[in-house]
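Everything below concerns the one structure shown next.
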Amino acid sequence: MVEIWTMIATANSESVATRFVRSIQDVFEPLRAFPLSGPSRERLAPGLRVAFREPYAIYYMPRPDAVVIVRVIHGARDISAIAGQGGLSRD
């Protein structure tokens, strides 16, 4: 998320970047309570799910004791290519 913050801070301001990153982090809390609420993305990686904070997709994996955030990726990126290169696997 540092990369996202830096990009937005450079283009806008630090306060805009901080607010946006916090809005992404706000998506995390409901996932803790309802980890299976995001659509499954099994075709990309076993157990993978996704939540959204436009224009970003938050890929995560529910675990018995936690929700593991795997990647936060801009929607314009080629998610199939990223998955094919192992960019969404979490052991």
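The values are calculated or read from the model by the stated rules, or taken from the named source; none is laboratory data. Note that the structure is a prediction, hence the values are computed from the model and not measured. Note that we place each Cβ from the backbone using ideal geometry, even for glycine, and neighbour counts take in every protein chain shown.
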Which of the residues belonging to region 26-56 are surrounded by fewer than 15 Cβ atoms within 10 Å (Cβ to Cβ) and basic (Lys, Arg)?
-> Arg32, Arg43
Check off (1) touching a helix residue (DSSP H, G or I) at 6+ places or on another chain (Cβ under 9 Å); (2) assigned to a loop (DSSP other than H, G, I, E, B) for Gly86 and give me the number that stays unchecked.
-> (1)
Top-ranked residue of region 14-43 - restricted to ones that are within 14 Å of the chain's Cα centre (by Cα) and aliphatic (A, V, I, L, M), ranked as nearest to Ala81 (Cα to Cα) | Ile24
Just need a number here: residues in region 57-67 that are out of contact with any strand residue (DSSP E or B) (no Cβ under 6 Å at 6 or more places or on another chain) and either surrounded by fewer than 17 Cβ atoms within 10 Å (Cβ to Cβ) or of a type in the set (Ser, Thr, Tyr) (or both).
-> 4
When region 49-83 is examined, which residues are found to be farther than 21 Å from Trp5 by Cα and either assigned to a strand (DSSP E or B) or among the basic types (Lys, Arg) (or both)?
-> Arg49, Met61, Pro62, Arg63, Ala66, Val67
Do the conditions hold for Pro46, that is, is it more than 12 Å from the chain's Cα centre (by Cα), in a strand (DSSP E or B) and either farther than 20 Å from Ile4 by Cβ or not charged (D, E, K, R) (or both)?
-> no
What are the residue pairs meeting all of these: first residue in region 47-67, first residue within 10 Å of Leu31 (Cα to Cα) and among the small types (Gly, Ala, Ser), second residue at pLDDT below 90 and buried (at least 16 other Cβ atoms within 10 Å of the Cβ), Cβ atoms under 7 Å, and 6 or more apart or on different chains?
-> Ala51/Val27
Tally of residues being of a type in the set (A, V, I, L, M) and either within 9 Å of the chain's Cα centre (by Cα) or loosely packed, with under 14 Cβ neighbours inside 10 Å (or both) across region 69-91 | 6
